[in-house]
1. Within 15 Å, Cβ to Cβ, of HIS38, how many net charges do the neighbouring residues add up to if Lys/Arg are +1 and Asp/Glu are -1?
2. If amide H atoms are built 1.01 Å from N in the plane of the peptide, which residues on other chains or at least 5 residues away come under 5 Å of the amide H of LEU40?
Amino acid sequence: MALQRVTIGFFGTQVLGVRLEEEPLQALLQALAAGDWHDLKVDDGTIRLNLSQVVYVRTELDEHRVGFGMSG
């Protein structure tokens, strides 16, 4: 399953960046409507979020890239 880069923005300009699979991402997006606390499981543990403080969620699909970037 593809991981997505997810950036969660909070009031006060704080930002949290994580990588999530589709299922935890969808659970987070659905939980946003309630604005309660949400446990987000990531590779190295669990992040407990106060969703009433979230201002945005940005997602970006990770793509496999081969090669080197060179400017000429």
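1. Taking every other residue near HIS38 into account, the sum is -1.
2. Hits under the 5 Å cutoff: ILE47, ARG48, LEU49.
Just so you know, all these numbers are worked out from the coordinates, no wet-lab data involved. This one's a predicted model, so the numbers in the text were calculated from it and none came from an experiment. Ideal geometry is used to build each Cβ from the backbone, glycine not excepted, and the neighbour counts take in all protein chains shown.
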